[in-house]
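Worksheet: the structure to be examined is printed underneath.
Bear in mind these aren't lab numbers, they're just calculated from the coordinates by the rules spelled out. Note that this is a predicted model, so its numbers are computed, not measured. All Cβ positions, glycine included, derive from the backbone under ideal geometry; neighbour counts span all protein chains shown.
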Amino acid sequence: MTSNNYDEDPKLEGLYDGPSKTQLKRESHHLVDVGEEILKLSSEDRRSLQLPDELDEAIATALKIKSRSGLKRQRLYIGKLLRSIDSEVIEARLRKIQHRHDTNTAQFKRLEKWRDSLIENDKHTLNEVISRYPDIDRQHINQLIRAAHQEKQQDKPPAASRKLFKYLRELEDEKAVNS
């Protein structure tokens, strides 16, 4: 009786404890993906990652490459560099940046929804905005809402609508600073 199971055969026990080839490939592909995510960041966000010099240079080079095959090789090289360093710290910083961007996007969409509801004279939304920002200038926001509502009815360009959105964003930014 031959057994192919390492766990049951005492002679083969303890011969191989490392990760499988498939697992190593998965990790390698993951680090290449991390490198691609870093390439998508703005220069300010890349600087905030505090990358090692060699990795930073490789990323700067990749951003200059126009050739598709050359860029592919450079991305693989970036993945290789990430394997050679402690990439967990870099990945944690990257997730933090991506989370911040996701949060900003969610905030932006919430403000857009509020603006649209306010223009439609939704009193519930107005009460929600007032309760979220107790120091709001009620007269100013009501003027902005009326002007945006009139613009929409007359099919004019949405200048007042933009002002209303900008005011809501300023309120949100002010609240974030004071928190």
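Kirkwood radius, the range 104-178, all distinct C-alpha pairs, inverse of mean reciprocal distance: 12.4 Å. Straightening the chain between ARG83 and GLU57 buys 7.8 nm, computed as 0.36 nm per residue apart minus the Cα-Cα spacing. Treating r as the C-beta distance of ASN142 and HIS99 and R0 as 22 Å, the FRET efficiency rounds to 0.05.
Projected label points at GLN23 and ILE130, each 7 Å from Cα along the beta carbon direction, are separated by 6.1 nanometres. Quick check for me: using +1 on Lys/Arg Cβ and -1 on Asp/Glu Cβ, what's the dipole size of the range 104-178 about its Cα centre, in debye to the nearest 20? Using only the charged Cβ atoms, the result is roughly 120 debye. Label-to-label distance, LYS113 versus ILE65, with points set 7 angstrom from Cα along the beta-carbon direction: 4.2 nm. By the Kirkwood approach, averaging reciprocal distances over each pair of separate Cα atoms, the chain gets a hydrodynamic radius of 21.2 Å. Look at THR61, THR103 and count the other Cβ atoms within 10 Å of each Cβ; fewest to most, that gives THR103, THR61.
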